[in-house]
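Enquirer: I have a structure here, written as structure tokens, and I will follow up with some questions on it.
Computed from the coordinates by the stated procedures, all read-outs in this text should not be read as laboratory data. Note that the structure is predicted; figures quoted are calculated from it, not measured. Ideal geometry is used to build each Cβ from the backbone, glycine not excepted, and the neighbour counts take in all protein chains shown.
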Amino acid sequence: MLYNGSCHCGRVTFTVEAPEKIEAERCNCSVCSKSGFLHLIVPLSRFTLLTGADALTIYTFNTGVAKHTFCKVCGVKPFYTPRSNPDGIDINLNCLDTRPKHIDIVEFDGQNWEQNAASLAHKSQD
């Protein structure tokens, strides 16, 4: 299925190809729990930024591998490059304009990221 997504103000818009039945991770790390990010990790080839490249800014911390992408206008993080899958893209399920009909939310222990990251590696593979 092809889903449309956006930030809050609509400056940043994108499409993502994902299954009809979505498995998303809810991570308990500091940045994800504070922002309410629900993770839909897909191969980068299934993502298209439609508008708003000029409205994006990036935040990094710790290793600098993850590229947390925010809209400069409204502050929403609709997607980012995850440390667990730097070859993929991680969509904030909450930023999809049409909610998938079937969503399974899986808890991910990001507070112990080093021990658990390998369980996500397959998500960015075609």
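Enquirer: What lysines sit close enough to Lys77 to cross-link, taking a C-alpha to C-alpha distance under 19 Å and skipping anything fewer than 8 places away on the same chain?
Expert: Lys34, Lys67
Enquirer: How much mean residue ellipticity at 222 nm does the chain get from its helices, if each DSSP H run of length 4 or more adds -39500 (n - 2.57) and you divide by all residues, to the nearest 500 deg cm²/dmol?
Expert: After summing the helix terms and dividing by residue count, I get -1500 deg cm²/dmol.
Enquirer: Could you tell me the relative contact order of the chain? Use alpha-carbon pairs under 8 Å, at least six residues apart, and round to a whole percent.
Expert: Result for the chain is 32 percent.
Enquirer: Given Cβ point charges of +1 (Lys, Arg) and -1 (Asp, Glu) and nothing else, what value in debye, to the nearest 20, does the dipole of the chain about its Cα centre take?
Expert: Using only the charged Cβ atoms, the result is roughly 400 debye.
Enquirer: Identify which of Asn28, Asn112, Asn62 has the largest mean-square fluctuation in a Gaussian network model of the chain, with springs joining Cα atoms closer than 10 Å.
Expert: The residue that fluctuates most here is Asn62.
Enquirer: Once amide H atoms are placed 1.01 Å from N in the peptide plane, what residues at a sequence separation of 5 or more from Cys29, or on another chain, have their amide H within under 5 Å of its amide H?
Expert: Gly110, Gln111
Enquirer: Once the piece of chain linking His8 and Thr98 is laid out straight, how much longer is it, given 0.36 nm per residue of separation minus the C-alpha distance between them?
Expert: 31.0 nm
Enquirer: Can you tally the net charge around Val42? Count Lys and Arg as +1, Asp and Glu as -1, for every other residue whose Cβ sits under 12 Å from the Cβ of Val42.
Expert: Local net charge: -3.
Enquirer: Another question, then. Calculated FRET efficiency, Thr15 and Gln115, Cβ-Cβ r, R0 41 Å, to nearest 0.05?
Expert: For R0 = 41 Å, the calculated efficiency reads 0.75.
Enquirer: Subtract the Cα-Cα distance of Thr63 and His122 from 0.36 nm times their separation in residues, and report this length gain in nm to one decimal.
Expert: 19.1 nm
Enquirer: Still on this structure: What share of the DSSP beta bridges in segment 1-109 is antiparallel, in percent to the nearest 5?
Expert: Bridges in segment 1-109 that DSSP calls antiparallel: roughly 80 percent.
Enquirer: Identify which of Leu93, Leu40, Leu50 has the largest mean-square fluctuation in a Gaussian network model of the chain, with springs joining Cα atoms closer than 10 Å.
Expert: Answer for the Gaussian network model of the chain: Leu50.
Enquirer: Between beta-carbons, use under 12 Å as the cut-off and find the net charge around Thr60, counting Lys and Arg +1, Asp and Glu -1.
Expert: The answer is +2.
Enquirer: Moving to a separate point now. Would you mind computing Rg(Cα) / (2.2 N^0.38 Å) for segment 17-115, counting N as its residues?
Expert: Here the Cα radius of gyration is 1.04 times the empirical estimate.
Enquirer: If you don't mind, there's one more thing I want to ask. Compute the distance in nm between two label points, each set 7 Å from the Cα along the Cα-to-Cβ direction, one at Ser30 and one at Ile105.
Expert: If labels sit at Ser30 and Ile105, their model points lie 2.3 nm apart.
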